[in-house]
1. Would you point out which residue out of Ile85, Ile90 is buried (at least 17 other Cβ atoms within 10 Å of the Cβ), at pLDDT 85 or above and either assigned to a helix (DSSP H, G or I) or of a type in the set (Ser, Thr, Tyr) (or both)?
2. Out of curiosity, is Leu305 within 30 Å of Cys130 (Cβ to Cβ), in contact with a Gly (Cβ under 9 Å, 6 or more places away or on another chain) and assigned to a helix (DSSP H, G or I)?
3. Which residues, counting only those in the range 349-372, are among the acidic types (Asp, Glu) and surrounded by fewer than 22 Cβ atoms within 10 Å (Cβ to Cβ)?
4. Name, by its number, the condition in (1) over 22 Å from the mean Cα position of the chain (by Cα); (2) outside any loop (DSSP other than H, G, I, E, B) that does not hold for His415.
5. Condition test on Ile365, is it aliphatic (A, V, I, L, M), more than 29 Å from Lys262 (Cα to Cα) and in a helix (DSSP H, G or I)?
6. Quick check on my filter: what residues within the range 51-76 are closer than 19 Å to Asn26 by Cβ, assigned to a helix (DSSP H, G or I) and either under 21 Å from the mean Cα position of the chain (by Cα) or hydroxyl-bearing (Ser, Thr, Tyr) (or both)?
7. For the range 252-261, check the following and say yes or no: at least one residue is surrounded by 14 or more Cβ atoms within 10 Å (Cβ to Cβ), touching a residue at least 12 places away in the same chain (Cβ under 8 Å), in a strand (DSSP E or B) and of a type in the set (Val, Ile, Thr).
8. So if I check each of Ala375, Ala399, which one is hydrophobic (A, V, I, L, M, F, W, C) and surrounded by fewer than 16 Cβ atoms within 10 Å (Cβ to Cβ)?
Amino acid sequence: MKDFPIKKIIKRNGDTADYDRQRIHNAILKATSSIGTANLGIADKTTEATELALARTYSDKCTPSVEDIQDVVENVLMLNGHTEIARKYIIYRNQRAMARAAKAYQFEITDNVPYKKIYEVLRWNMEHYCDSVESLNKIISKGKFNNLVADVEQRYQDEIAIAAKAILKKIDTTKIIIVAGPSSSGKTTTTIKTSEILKKHGYGIKAINIDHYFFDLEKHPKDEFGDYDYETPNALDLDLINNHLVQLLNGETIKTPHYNFKTGKRQLDVHEMSLEKNELLLIDSLHGLYEGMTSKVPAEAKFKLYIETLGQFRMADGTFMRWADNRLLRRMIRDKDHRNLKPMQTLTHWHYVRRSELNNIIPYIKNVDVIVNSALPYELPIMRTLLLPYISKARTKFAQDSKRLDAHIRANRVHTLLKPLKSVKDFSCVPPTSLLREFIGGSSYKY
């Protein structure tokens, strides 16, 4: 395609690479050969259509990931009636993913999370019969949903206990605990629960609210739709954060800003804060692993805990649910109830979220001390009840909007996940201390 705007792509480990049209063409050609003779004509036309779709959706200011490009290829194949080729392309993607996993045991290529950790999650889900749509529906039909909730909550609490134990082992040098992870992974609840355990061992925890360090929303750049990009760490006042961290560790008193998400405005010098003896500073932030946030703090003084929804859950078509889709559902609910945003707005904004994760979170995961899985398999039937109408509406709304291709693809994929699940409308079995309450409401914790 002449004057194609995309020059770079984001790889699965967060690194960037040059855009290579031939790689798309070769993958499509292999898919056509899987159903007979390789068809250069289909590969040529599909590659061209894919680039047209990418050009409409992305620009030099919005770099797509490998995952984004592959999603577009699948969508183009389906729209042009090449259903069987699309299936073969999906199989090809899965086979490539398995090959990558087999090559590297220490760090699985997908989002830099250790392969061993992912395997442990899958094994736990299989042992508790909550690893697929089919198995989860059986649990609901048999009236054992409450039992699953209890088991999942205990598993999560056990992971928190392991993380707290690791912190205590390094307590002599640790001054700051960083709880990091992508959007809606459950960082705040993890922070609270970790604090509760450490408190029993005589260590106080004081959290600094990084959200209050956002610049005024009007200062953030807008895209062609008028959406603000507040997912980048540069939307935060990094200099002020670093200065305040150093002051706190030196025993000084500071006054943090206050940010109002509904108005998009911040006020300086509002919340007075200082650290007492045996008190650790705790950072709960989307960008906690980003070096620029804590660059003035010595490495040995920082303990890094990473949290992600590592849900190894098979959809009805046999493919695994994407972790980011799990978090998208959580954020749609949270934004609707607490941030004055409609679910459809969250969906159209999500490409910013994922891009920021790949650029500013994923590359640093291999440097963390502990990884916690926050996926709760039982939450999916609840999400179906709360969000399926919004997802269905989004599929229709964005179907003919070429500039909202990303939102359309995500809406279709999430609809495919939720539609075959049985709904759970009674949430009373979800305890008030559950991580899920951070998103659906009814928590006993104050956020």
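The values are calculated or read from the model by the stated rules, or taken from the named source; none is laboratory data. As the structure is a computational prediction, the values presented were derived from the model and not from experiment. Ideal geometry is used to build each Cβ from the backbone, glycine not excepted, and the neighbour counts take in all protein chains shown.
1. On the way: Ile90 fails: at pLDDT 85 or above.
Criteria check complete, one pass: Ile85.
2. Considered against the rule, which asks whether it is within 30 Å of Cys130 (Cβ to Cβ), in contact with a Gly (Cβ under 9 Å, 6 or more places away or on another chain) and assigned to a helix (DSSP H, G or I), Leu305 comes out as no.
3. If we filter the range 349-372 for residues that are among the acidic types (Asp, Glu), which is where we start, we get 357, 369.
Within the range 349-372, Asp369 is the sole residue that qualifies.
4. The single condition His415 does not satisfy is (1).
5. So Ile365 fits the description; yes.
6. Correct list: Val66, Glu67, Asp68, Ile69, Gln70, Asp71, Val72.
7. yes
8. On the way: Ala375 fails: surrounded by fewer than 16 Cβ atoms within 10 Å (Cβ to Cβ).
The conditions single out Ala399.
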